[in-house]
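The values are calculated or read from the model by the stated rules, or taken from the named source; none is laboratory data. Source: prediction; values computed, not measured. Don't worry about glycine lacking a Cβ; one is built from the backbone with ideal geometry, like all the others, and counts go over all protein chains shown. With ligands, DNA and RNA removed, areas are computed over all heavy atoms of the protein, side chains included. Shrake-Rupley method; radii C 1.70, N 1.55, O 1.52, S 1.80 Å.
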Amino acid sequence: MRLVILDDYDLASEWAAKYIRNKIIQFKPCAERYFTLGLPTGSTPFSCYQKLIEYYRNGDISFKYVKTFNMDEYVGLPRAHPESYHSYMWNNFFKHIDIDPANAHVLDGNADDLEAECEAYEQKIAEAGGIELFVGGIGPDGHIAFNEPGSSLVSRTRVKMLAKDTIVANARFFGNDLLKVPTMALTVGVGTVMDSKEVMILITGAHKAFALYKAIEEGVNHMWTVSAFQQHPRTIFVCDEDATLELRVKTVKYFKGLMHVHNKLVDPVLSIKEK
C-alpha cells in the first residue's frame, strides 16, 4: 500500500492525473488491447479530470483505446438531469476527450430490470478483461462508491438503498429539498473494485481526515468500507495535507519519507508525442 501526500488539493489532483496518464501510455493501448479505467464522480476528482483534458488537448495522451466504467448512478433520475452521473461525466470529462461514447460505461439507473443491469455491468467488465486501474473517491464516513457503512466487503454491483445521512448530504445538489434526492442507486461493489489490478483512491480535505485515519491506521472494518483496500496488493491513496490531520505524526513522516520513491511513478511524465 502506498500513501502519497501532497501539499494541497491541486497538487494531489495533478499527481493523480500524471499517474493515470503514465499508466495508459505505458500500457500501449491499441484496437486489439484497450486500457480499462474505473472512474468516480463528485467534487474530489474534478481537477484530476481537468488536468487529463489539458493533457489531451496538448496532444500528450489519447483515450481512443480506453474503456471506462463508472462507479455508480442514481436510480430513477433522468439521464439528462444535471445531477445524474451520466451528465457529470459527459460535461466534465467525456465530451472534452477523444473517447468513443460506446466505450464509456455508466450504470443505467432507469433500466427496466435493475438487477439485470447490475449483472450485465459485471459481465461487461469481465469481457473487457477486468479493470486495469480503478480510481475512486470516498465520503467522510469512508464509503467508496455507494458502499456505505455496513456494506459487505465482497459485494458486487447491485441496487442499494441510500442511508439517510447520504440523502441529507446530497440534498445540497438538489436545492436542499430532501424530497428531490434519489433514495436508491446502482453501485459497483467493494469486491468489484478489489478485483481491479490496481486501485487509486483520492482523499482530500480535513472533512475526510478521520476516514483516511480509519483506512490507513486501523484494521479492515465493514463500517469503513475504504479500509478493505489495505488488503489489495496494489493500492495507492493520494491525499493532501488537510486529509492527514487525524494520522499519527510518525505515519505521516514515514510516508513522506517515501515521496522520492512515489514521485518516480510520475517523473518523467510520459507523452505519446515521444513515440
With respect to the numbered conditions (1) on the phi > 0 side of the Ramachandran plot; (2) surrounded by fewer than 21 Cβ atoms within 10 Å (Cβ to Cβ); (3) in contact (Cβ under 8 Å) with a residue 60 or more places away in the chain, which one is the sole condition not fulfilled by G142?
(2)
Residue hits (the range 58-95; open to solvent by less than 20 Å² (accessible area, probe 1.4 Å), within 23 Å of N147 (Cβ to Cβ) and not polar (S, T, N, Q)) are F69, M71, D72, E73, Y74, L77, M89, F93
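Name the one entry in A163, A206, A215 that is surrounded by fewer than 16 Cβ atoms within 10 Å (Cβ to Cβ) and either without any contact (Cβ under 8 Å) to a residue 40 or more places away in the chain or under 21 Å from L247 (Cα atoms) (or both).
Working: A163 fails: surrounded by fewer than 16 Cβ atoms within 10 Å (Cβ to Cβ); A215 fails: surrounded by fewer than 16 Cβ atoms within 10 Å (Cβ to Cβ).
Every option except A206 fails the conditions.
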Quick check on V154: is it open to solvent by 30 Å² or more (accessible area, probe 1.4 Å) and either touching a Gly at 6+ places or on another chain (Cβ under 7 Å) or assigned to a helix (DSSP H, G or I) (or both)?
yes
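So that you can scan it fast, the table gives a plain yes or no per residue for (1) in a helix (DSSP H, G or I); (2) within 15 Å of G42 (Cβ to Cβ); (3) touching a residue at least 40 places away in the same chain (Cβ under 8 Å); (4) under 20 Å from the mean Cα position of the chain (by Cα):
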position: E73; (1), (2), (3), (4): no, yes, yes, yes
position: P78; (1), (2), (3), (4): no, no, no, no
position: E83; (1), (2), (3), (4): no, yes, yes, yes
position: N91; (1), (2), (3), (4): yes, yes, no, yes
position: N110; (1), (2), (3), (4): no, no, no, no
position: E119; (1), (2), (3), (4): yes, no, no, no
position: E122; (1), (2), (3), (4): yes, no, yes, yes
position: A126; (1), (2), (3), (4): yes, no, no, yes
position: G130; (1), (2), (3), (4): no, no, yes, yes
Any residue at all in the range 29-49 that's surrounded by fewer than 19 Cβ atoms within 10 Å (Cβ to Cβ), under 16 Å from the mean Cα position of the chain (by Cα) and outside any helix (DSSP H, G or I)?
yes
